[in-house]
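Working notes, beginning with the structure itself.
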Amino acid sequence: MSDSAHTAFKQIPLVDIAGLYSEQLSERLAVAEALGRAAREVGFLYVSGHRIDPALIERLKQRVRSYFAQPLELKMRDYIGRSRNHSGYVPEGEERFYGGKVDRKEAYDVGYDLVDRPQRHPMLGANQWPQMAGFRDDVKAYYDAALALGNLLFRGFALALGLAEETFVAQVSTPPSQLRLVHYPYDETAEDRPGIGAHTDYECFTLLLPTAPGLEVMNGEGEWIDVPLIPGSFIVNIGDMLEVLSNGEFVATAHRVRRVNEERYSFPLFCSCDYDTVIAPIIGDTEHSRYTPIVCGEHLYAQTVKTFRYLRERWEAGELVLPYTARELASFGRLRER
């Protein structure tokens, strides 16, 4: 295993990150210490004290509700399989995670909207946006605000690992950081399928805004722990890439969404480094680490190909090739050990 103190936690810690906005290094370091403790012991945390405007969040929620209320045939005009950068509508059954049944959800995925230069990578380019008036404006406004908050957290995690504050953000200019707009419909007559199966997130960390309960995380003893809502806060969890960068000091904690008891929306932003960034341990005994280097975007792309039906079918047909560094699904955190 690693030197991580991943524990048999029973609840998720709350960290007030207001001090990360301070000009005083001592205040930023105090927050970083709390971030590091949560990342080592749990891999999940709530964050309060952010500066994202609640009105911006409310506009996002209203716009997304309106979009998913449309008939399926209208949403399928924006099908993700028609995009060049993995953006668009994701119907129920399109994706399947490690060891799980077909997920009971639909989604709309957008990324860093790279419209001013030629596309060089499969996960990074101009987004496919729906024709719905106001959708692009409201979703992009939230994306930009959440991305800025993610960069602030990158600085905090760097300090938590004893690194220079700019270590990670220096590798974040046009990242393949994806925002998912997820809808978990409620149907009391439906079979008992999970909203989303057990998995770890591929990127460095996830900044999550849910509208209802349903999230569960696996503690250090393999038990599933409920994550209730705390109004005004975000949920943050460590992903595969930060596990590698921290040489296992931070652990990518497995999580899932159980069968929901009410309609639920969820807005995770998966915070990543730039596509070509080489992800390798940068602290501890790097010479004898069990982690081999991976290229950030290639890892993201390979895992996405194995998860999404439209990409998996192209891969199996020989129409696309996985990077040679591709890992198996569930290569990190406690799922790796099972």
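One table, with the values for the structure above:
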item: Label assignment, P(r) over Cα pairs in 20 Å bins from 0, in percent derived from the structure, set [x] 32, 62, 6; [y] 21, 45, 27, 6, 0; [z] 32, 51, 13, 3, 0; result: [x]
item: Close Lys-Lys pairs in the chain, where close means Cα under 21 Å and separation is 8 or more or interchain; result: 7
item: Long-range HN-HN contacts of Phe205 with modeled amide H, under 5 Å; result: Gly239, Cys271
item: Mean residue ellipticity (222 nm) of the chain, computed from DSSP H runs ≥ 4 via -39,500 (n - 2.57), nearest 500; result: -8500 deg cm²/dmol
item: Contour excess over end-to-end distance, with Cα ends at Arg117 and Ile282 and 0.36 nm allotted per residue; result: 56.3 nm
item: Built amide H within the under 5 Å cut-off of Leu322, gap 5+; result: none
item: Per-residue HN-Hα couplings for the range 302-309 [Karplus 6.51, -1.76, 1.60; θ = phi - 60°; Hz; x = Gly/Pro]; result: 4, 5, 5, 4, 6, 9, 9, 4
item: Inter-site label distance for Asn151 and Arg312 at 7 Å from Cα along Cβ, in nm; result: 3.6
item: Mean separation of Cα contacts under 8 Å (6+ apart) over length of the range 14-337, as relative contact order %; result: 19
item: ³J(HN,Hα), Karplus 6.51/-1.76/1.60, whole Hz, each residue of the range 129-141, x for Gly, Pro; result: 10, x, 7, 4, 4, x, 4, 4, 4, 6, 5, 5, 4
item: Modelled FRET efficiency - R0 56 Å, Asp187 with Glu166, Cβ distances, 0.05 increments; result: 0.75
item: Cβ charges +1 (Lys, Arg) and -1 (Asp, Glu), total dipole of the chain, debye; result: 660
item: Asp113 long-range amide H proximity, modeled H, under 5 Å; result: none
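Each value in this text was obtained by applying a stated rule to the coordinates, not by laboratory testing. If you're wondering where the values come from, they're calculated on a predicted model, not measured in any experiment. Here Cβ is always computed from backbone atoms with ideal geometry, including for glycine, and neighbour counts include all displayed protein chains.
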